[in-house]
Each structure stands twice: as structure tokens, then as C-alpha cells.
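Okay, structure first, notes after.
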Number of protein chains: 2
Amino acid sequence: MLEKIDLNKTVDKKSYRKVMDEASQRLGLLQRECKAAGIPVIIVFEGMGAAGKGVQINRLIQALDPRGFDVYACDRPTEDEQMRPFLWRYWTKTPARGRIAIFDRSWYRSVQVDRFDGLTPEDKLPDAYQDILSFEKQLSDDGTVIIKFFLYIDKEEQKKRFKKLDGSKETAWRVTREDWERNKEFERYLTMNEEMLENTDTDYAPWSIIEAVDRDYAALKIVTAVMDRLESELEERKAAGEKPAEKTPLKTTRDRFKNGVLSGIDLSKSLTEEEYKERMKKLQKRLAQLHSELYRLRIPVVIGFEGWDAGGKGGAIKRLTSQLDPRGYRVNPTAAPNDIEKVHHYLWRFWNNVPKAGHIAIFDRTWYGRVMVERIEGFCTETQWKRAYQEINEMESHMANAGAVVLKFWLHIDKDEQERRFKERQADPLKQWKITDEDWRNREKWDQYEDAVNEMLVRTSTTYAPWIVVEGNDKHYARVKVLQTVVDALEKKIKKVKESR
Amino acid sequence: MLEKIDLNKTVDKKSYRKVMDEASQRLGLLQRECKAAGIPVIIVFEGMGAAGKGVQINRLIQALDPRGFDVYACDRPTEDEQMRPFLWRYWTKTPARGRIAIFDRSWYRSVQVDRFDGLTPEDKLPDAYQDILSFEKQLSDDGTVIIKFFLYIDKEEQKKRFKKLDGSKETAWRVTREDWERNKEFERYLTMNEEMLENTDTDYAPWSIIEAVDRDYAALKIVTAVMDRLESELEERKAAGEKPAEKTPLKTTRDRFKNGVLSGIDLSKSLTEEEYKERMKKLQKRLAQLHSELYRLRIPVVIGFEGWDAGGKGGAIKRLTSQLDPRGYRVNPTAAPNDIEKVHHYLWRFWNNVPKAGHIAIFDRTWYGRVMVERIEGFCTETQWKRAYQEINEMESHMANAGAVVLKFWLHIDKDEQERRFKERQADPLKQWKITDEDWRNREKWDQYEDAVNEMLVRTSTTYAPWIVVEGNDKHYARVKVLQTVVDALEKKIKKVKESR
């Protein structure tokens, strides 16, 4: 495939200057239009070593307003990055609406340079490809424009460039032992790159191969490709804007999910005060031991809490954490998104709080807001919340692929119990702050929520990230069930990890 | 000092439970009141090894809503943290208004454990103390409540605890070789800690020494101290709220600064097109070389741009960066603060963008907004902007202490030139976006701004972070002056660093 590329393409200085000068103005204009339209843009530079990624990025950004883009050089992951799922370092760098993020090397490292260097084992390759494809798909579905360049030079040209760099004191540090190895085994490395290009050339994020021997030619091709893509994107949006907006009727899926998971839950389960105290004490002690094992084995844990208002999330979280070492867990409350979060993909803020290996991240309300409150209140379109089930499954699978334990609890109570708790809260001066008018309003939408929850539980309970519905009318029973479930899951995981090491 | 502490203080189980149960409710309430009042709270735990910092933090947070606090364990700095000024890792963790940040070890590391371990050289101690004092003062002036605990146990008790930890497979990793060394040289380490307590016990951030042999006693003392401090803080604010609010008359300091720096600037300076091209080319080439040297020598660089609207900041930044490796610099645009930034100290967002060693951070508008637009528009009180000169000088000195080159440019044009440029922009379809109604409104306040700028230049131009006023009526002259100044400063710094290594 790549050996068919004609590397002799060149352009003369004069036509280069002419085209670039024009392009410069046009690109600046396009950048402002994308900013106004709130389009996030990602531009990826990959390619053979010394193909000139740095040079080309520099030429491209000459035409851009430096206040509107960021350049990220993706070297080998730092300690901190290694302790998180593979995509974490990239998710956290995805651009806000209207901004441009330029990546000098990217998430493609894993299937290419890191693969060659043996950092990505061959049996992890299918996962790595899957992670990449779903990452790009999710961003693209959310409106991000993804432009990918692969800069190609052949073995001889590369050798020549390495030698030149090696020859000067100022640049010699740029050529590593690994670079020379990849030059020696050029064919083998090339095959990996070709495989990458084939596997990840999608309609929503296509590759452009750049003949990179002549730098001017390459720069022109890159700038032109960026401009064409941004222009066609802007035109498409304009055209779409003239069509009537997508209708989002509040279609209930009640029929399908009416006899759903929740209706089968036995809410009469309970524990006596005595049983509760005894089991709770044992479970908390055991949890503290497991927490310390997690830390030593570097296992990350993600625990999400959802449930009806007054379902007992706060109390369960408190019992769960009370004997844990506070240095090893974090409770992330999820409120309405702030103005930074609003200009990113809805999963971005959760990616930012993915736990380090060995740490526990507890979410009080979660990413499932997308398919509950956002769905019901119309904060997102029908297309968006329907797409979210798969996106969420993918995100959780990325965490699980990185070795995380992922658990999600639905704290279930019935409507009468909720009313009782609301009234109790209102009567208690110490608890009044917990209850607002909004809680009463949400209560009126109980049936809509019940449908949404039933659908959510069915669509997103997976082997790697199961939903646990907790019978919550009796708080004792509920809290013990939460802790017992966490203890069991951690023990199972720890056993598995120990066996595999 | 510490040897006078009575370590035999104890409390019986029953009174412990009673006090703790009451405290628990009261502390939860205080947390909510602080949240409502928007008070940020910092609680620092320092002390001898194995004094029980983790245990005490855990007991304290039992009474807190886990959604309202964060616990930070401050071990030795990571690679990433080492590449930034000492206070960076702490500034970025300061709590938002209404939140509580609990530090398990803190910025005191540098003058205590890191000092003992030889990581802080003795000749750097005065700087380290200065950094700590001004950090706490700045936060306290901004309304942060700072509560500091020092947990004390004696040599024998520590030895006993280390042995016990060492005895169990699960806890042995907690006791390091350094811990044992500090036990052996207990007296020497103690002296360092006493010095620390004396030097940093201020009225705005006092230390509480906690007798930590009996854990229940220690927990009670800590919880009580926290409650007392929060209560008195809340009362003080309530009392202050009843007094008439601080008046912020727009006192001009015109008289004092009327014949200020700006009036002496010769705006007729210019360069011919030819001179400009020749010098620019040379300067850009030289800058690229210096950039690569900076990277190898790990020198961080901070360059701030301020100036009149249409003063030419954008053009100067573009020329400055055009030949730089985009992986080694970042342009940070400074707009009105977003809602996350608004609930932090006004310097917090700039601390977040402090460059790594070897990198250049360029700020398009800066922290000087505090003493210009915020002062003039009344976005902060008179007390606040008057205090800001010193705060800013301190921040820049922290950066300089960490080895950074810090430069600040004021791009100066006169009122006629501004009008000419505004009109030119309005006439050019490609530049219309650059000019808004606000620009015209700001122009009406020219005299007020001129006074503020004159005062700012005088009060914040320091040897370690000088202001450079750039004669900007001729763009060529201005751009060359900016680049020449940067080149000179970098060459000087590089020479100095090379000589000292």
C-alpha cells in the first residue's frame, strides 16, 4: 500500500508561496467560522520517524490564531498516565466547541510505535483498535471534526534524515536507539502502519496520506486538506440548519419496558438493627483490608450510584467510605454541568475523574443522567440519548479493559416510601436542606423515569459493568447489600489478578 | 518547645463517643453553612511519622458530607510536579468557595521532611519559608480559612508504632528507610519541625499542636478546633455583613502618576520595511535555537502581553511564535473568568497555566487584569486591587525562584493611533471581528486606564520580572523590540545557567 506512494512529488518555491499566502487568509477565516459555529476540530499527525511532523504542524499553525488552538506532543505516557485507562490522556485533551486540538502523535501510538517497541502485546491489539474506533466515533457523533494525516517517507530518506540529525550536537538527542531500530526493520514497522491505516480509515475520520519528502509539497497538501474539510463541514451544517430541526417527541417506551426490571423488585426485604450492626461492622473491616490490597495490586475501582430521590445514595456512600483510607478514594458529586463541561462531550467530565490504578472513584449520580434526566427533560435529542447506551457501554468497557472493577447501583424505593421520606425531611430542621421543590416536581414524572430506568438497566448492564438494583425501602438492608456486593466484586477481582501474576 | 507537650492526655471511650456524636451533627451543619457562605477551607495535617495523620483525617471526615471535601496526600513530587514551581501543585489544589480541602502533608514538606532528606538545600530555606508565608497570606486575604494541625508523638512511641507496622505484611510497606532514619535522628528532625512551627505560626493561619498518643483524645481536640474555627469565622462574617459594605470610590491616583512612565515614551520610533524584514528573520532564527537550548537546560519562560486595545499584541505574539517548535510553547488567552475560575482565587487560573521546565508560556492579557479592568470597572474592591500589586510580585518571584525567565510587555500606542486602527478594522471585512462596541467603550476610559497602567508599571516592575514598555505606533519597530528583548533575556539566562552547572 504505502510503497505505491509517489514520493517524488514536489512544488516550486514560487507557487508554494502563492498558494500558502492565499490559504493563510482563508484558513484564518475558516477557523473563526468554526469557532462561531462551535465546532471542535481534532487534527492528528502520525507518520514515520523524521517525516517532519513538527515542521508540518508549525507550517499549518502559521495561518491560525494562536489563541484558538492547542498542540499536544504525545510521547510515551508519564507515570500518572500509565495509571489510568489508555484513552484517559486523550479524552482529557479533546477540544472544547470552537477550539482546535493538534496532536503530534496520538492514540495511534498503541497500535504502531508502542506495538513495535513491545509495549502493546499482540493479544491486546483487538482491544486497542476497538478503543480507538469507538473513541473517534463518539467524538464524531458529538460534532467533532477529525482530520488525520500520515506522513510517509521511505527507508533511505529516513536514514539520511536520522544521520543529519545525529550529526549536530543540537539535534542529536532527537534520534533515539528505537528510531534506528525502526529504520533497520523498516518493512516490519511499515506493515504495522499499513494495518493501522486500513483498520482505522472510517468515513467519519478518514486518513490522508502525505508524501513527505518535499516539505513544501507536504505542507500544501495538508493545508488544503484541512481547508477543504472545514469548508465542507461548515456547508453541511449550514444546509442542515435550513432543514427543520430534529423532532424529539417524548416517545415513551412504556409498552416495551412496562413490565421491566423494577416491577420485579421485592421491596419488603429488611434487616434487624442487630443483624445490620453486626454485618456492617464486618463488611467495613473487610473493605478496609481489600482497599489496601487494591492499592498494592494497582486495581482501579469505579462505583456509580443512581436511584430515586431520597433513595438513600448519600447514606450508602457514607457507610461504604467510612473505614476506607481517605487518600485512596474520592467521591465525585455530579451536578448540572458547568460552563466548561457544557462545551465538551458529555462524557468528558467523567473521563476527567477516572481513578488512578489502585484508587476508588465513587460517583454520586453519574453519566447515566444522559438517559434519564437529559432524556426526560429534553436536554438532549432523541438521537443523542438513544446513541448514549452504546457510548456508555463503550466507556465502561474501556475502563474494564484497563483492569478496573466497575459497579453501578440503582437504589430503589417505591413511591409511597419516597413521599414518607420527603415529608420526614421537611419536618426535620437538620434535613430540610436536602429537599427542594425540584424533588417534588421530579416526583410527578415518576412513570417517565421508571420507563427510562427500566430501559437503561436492560441496555447497559454488562458482564464487565453490571447494574445492581438495591431494594431500598429498608435502609439497613440496602446498605448491607451495597457493601456486600462491593466486597464480593473486589474479592473476585483480587483473586483473578493474583492468579494471573 | 514540643518536649513540653503532655503526651499522657487521654479520654475515656464513653465521653469520646458522646462528644463525637454531638460534634458530628454540628460539624455537618457548619460545613453546609460554610458552603452557603462560599467560604473555602483548608485543613493541613502535618506531624511526626506514624503520628496517625491518616487515622485522624478519617475520623474528621466521618462528620462531613463527602461531596463537599477533597483529601490530598502529598508525597514526594511527581516528575510533572518537579518541573514546575514548588507551589504549583498546591495552588492547583486550593479549594473552590464553599469546599474543603484536606492535606495529608502539604507545602510544609519542603522545610521539614524534604529538608531532612536533603531535598531542600539549607541555602534555599529562606525562599521556601517566604513562599509558604505569602501563599497562606494570599489565600487568607481572599477569604480562605486555613487550619493547621501538627500531630506529635515522642521518639519511643514512634519506634513502637514503626515496629508494629513493620511486623505485618499488609502494613510493612508504609515504613520506609527514611522513616527509620528520622526516628534515629529524632532530635535533629524535631528541631527542624520546631523551627517550622515558630516561623509559620501566623494570626491568619495558626498551628494547633495535637498530642497524638491517645487517638481518641487527638480526634476530639481536632474536631473541636475545626468547629470552633468555622463557627468564629461564620460569626465574624455575619457581623461584617451587618456593617455597611466597603466603599469603593473610584479614587483616581492621577495626581501621583500623572507624569508617569507612559508620558515619557517616544512613539515616533520606527523601522523601514527592509530593516524590519532583515532583523525579524535573524531574530526568529536565533529564537528557534534558543528555544531548543531552553528545552535541554529545562528553563521555564513566562511572557505576558498587555497593552491598549489594537496595540498589536496578536501580531507580536504571532511573530514571536512563528519559528518556535509548537510542542514547546503555549499561548494562553485570558478572557473574563469562567464559572469555575470565579469561585477560586483570582491567581488560581494563572497558576494552572504555569509552564513546565523547558517550556514557554505566553499570556495574551494576564493577571494584571486585577489592577486594570477589575479596578476600573469595580469588579473588585479597592482593598483587593491595592493588595494585588504585592500578590502579583510574589507570584512572579515564586516563578523566578523556580528558575523561570519572566517578562511582561506593555504595547503602547497613542489615542490617535488607536482610533486609526479601530476604523481600519471596521472597514476591512477580514478584520471586523476584531472590533466590538466594548472596545469603543473602553476607549472612553483612556485616562483612567492610563493612571492605572502608570501605577502598575511602577509598582510591579522588578529585577526578576521587569516590565518592558514597547513603542507601538510603528508595528515593525514594536515587533522587533519584543523579539530582541526576549532574545537578550534568554541569552542572559542561558549563560547564567550554564556557568552555574
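Near the amide H of A:Ile210, within less than 5 Å, lie the amide hydrogens of A:Phe150, A:Leu151, A:Tyr152, all on another chain or at least 5 residues away, with H placed in the peptide plane.
Quick check: from the Cα gyration tensor, does the stretch B:1-235 come out rounded (a/c under 1.5), prolate or oblate? Oblate is the answer for the stretch B:1-235, as a/c is 1.5 or above yet b/c matches or exceeds a/b. With 22 Å as the limit, write out which pairs from A:Lys93/A:Lys386; B:Lys269/B:Lys493; A:Lys282/A:Lys481; A:Lys423/B:Lys238; B:Lys356/B:Lys386 have Cα-Cα distances beyond it, or answer none. The answer is A:Lys93/A:Lys386; B:Lys269/B:Lys493; A:Lys423/B:Lys238; B:Lys356/B:Lys386. In this structure, the pairs whose alpha-carbon distance is over 20 Å, taken from A:Lys434/B:Lys14; A:Lys169/B:Lys495; B:Lys14/B:Lys164, are A:Lys434/B:Lys14; B:Lys14/B:Lys164. In the assembly of identical copies, A:Ser322 has its label point, taken 7 Å from Cα in the direction of the beta carbon, separated from the corresponding points by 6.7 nm (ascending, one decimal). Restricting the calculation to Cα atoms, chain A yields a radius of gyration followed by a Dmax of 26.6, 88 Å.
Each residue of the stretch A:331-344 was assigned a 3J(HN,Hα) from its phi angle through the Karplus curve 6.51 cos²θ - 1.76 cosθ + 1.60 (θ = phi - 60°); the sequence is 9, 9, x, 10, 9, 4, x, 7, 6, 6, 5, 5, 9, 10 Hz, with glycine and proline shown as x.
Between the stretch A:263-336 and the stretch B:98-150, the C-alpha centres lie 34 angstrom from each other.
Express the carbon and sulfur contribution to the solvent-accessible surface of the stretch B:53-162 as a percent, rounded to the nearest whole number, probe 1.4 angstrom.
Exposed carbon and sulfur together represent 48 percent of the surface.
Taking 7 Å steps out from each Cα toward its Cβ at B:Val19 and B:Lys169 produces label points 4.0 nm apart. Fully extending the segment from B:Lys415 to B:Ser461 would add 14.2 nm, taking 0.36 nm per residue of separation and subtracting the current Cα-Cα distance.
Calculated FRET efficiency, A:Thr485 to B:Lys282, Cβ-Cβ distance, R0 = 56 Å: about 0.20 to the nearest 0.05. In order along the stretch B:261-278, the Karplus-derived 3J(HN,Hα) couplings, from 6.51 cos²θ - 1.76 cosθ + 1.60 at θ = phi - 60°, round to 4, 5, 5, x, 7, 8, 7, 8, 4, 8, 10, 6, 3, 5, 4, 4, 4, 5 Hz, and Gly and Pro are given as x. The angle between the Cα long axis of helix B:475-500 and the main principal axis of chain B comes to about 40°, on a 0 to 90 degree scale.
Bridging of A:Lys163 to lysines at a Cα separation below 24 Å is possible for A:Lys9, A:Lys53, A:Lys155, A:Lys184, B:Lys285, once same-chain residues fewer than 8 apart are set aside.
Note down the magnitude of the dipole of the protein assembly as shown about its Cα centre, charges +1 on Lys and Arg C-beta and -1 on Asp and Glu C-beta and zero elsewhere, to the nearest 20 debye.
Details: 180 positive and 172 negative charges, 217 e Å.
Taking the Cα centre of the protein assembly as shown as origin, the dipole is about 1040 debye.
Charge tally around A:Gly403: other residues with Cβ under 11 Å, Lys/Arg +1 each, Asp/Glu -1 each, net +4.
Once the Cα atoms are used to define both axes, helix B:446-460 deviates from the longest principal axis of chain B by about 50 degrees. Label zone (B:Arg501, point 7 Å along Cα-to-C-beta; backbone nitrogen cut-off 15 Å) within the stretch B:267-300: B:290-300. Positive end of the dipole of chain B (Cβ unit charges, origin at the Cα centre): among B:Gly311, B:His359, B:Pro66, the Cα lying farthest that way belongs to B:His359. Note on B:Lys434 and B:Asn338: their simple-model spin labels are 2.6 nm apart, each label 7 Å out from Cα toward Cβ. Only protein atoms count toward the accessible area here, which uses a 1.4 Å probe; on the stretch A:271-498, the carbon and sulfur part of that area reaches 49 percent.
For the stretch A:271-498, the per residue solvent-accessible surface stands at 41 Å², with DNA, RNA and ligands left out and a 1.4 Å probe. Under 15 Å from a label point set 7 Å out along the Cα-to-Cβ vector of B:Ala427, no amide N atom of the stretch B:442-474 is found.
Compute the FRET efficiency between B:Ile468 and B:Asp447 as 1/(1 + (r/R0)^6), taking r as their Cβ-Cβ distance and R0 = 25 Å, and round to the nearest 0.05.
0.60
Summary for A:Asp141: label point 7 Å along Cα→Cβ; distances to the equivalent points in the other copies, ascending, 5.0 nm. Can you tell me the orientation of helix A:186-199 relative to chain A, as the angle in degrees between its alpha-carbon axis and the longest Cα principal axis, to the nearest 10? Between the helix axis and the principal axis of chain A, the angle is about 50 degrees.
Computed from the C-beta positions of A:Thr272 and B:Glu187 and an R0 of 56 Å, the FRET efficiency is 0.50 to the nearest 0.05.
In the frame of its principal axes, the stretch A:271-498 has Cα extents of 48, 43, 31 Å, reported largest first. Between identical copies, the spacing of A:Thr272 label points, each set 7 Å from Cα toward the C-beta atom, reads 10.4 nm from nearest to farthest.
The values are calculated or read from the model by the stated rules, or taken from the named source; none is laboratory data. Model, not experiment: these values are computed from the prediction. Every residue, glycine among them, receives a Cβ derived from its backbone with ideal geometry; neighbour counts consider all protein chains shown. For the accessible areas, the whole protein counts, side chains as well, though only heavy atoms, and no ligand, DNA or RNA atoms are used. Shrake-Rupley method; radii C 1.70, N 1.55, O 1.52, S 1.80 Å.
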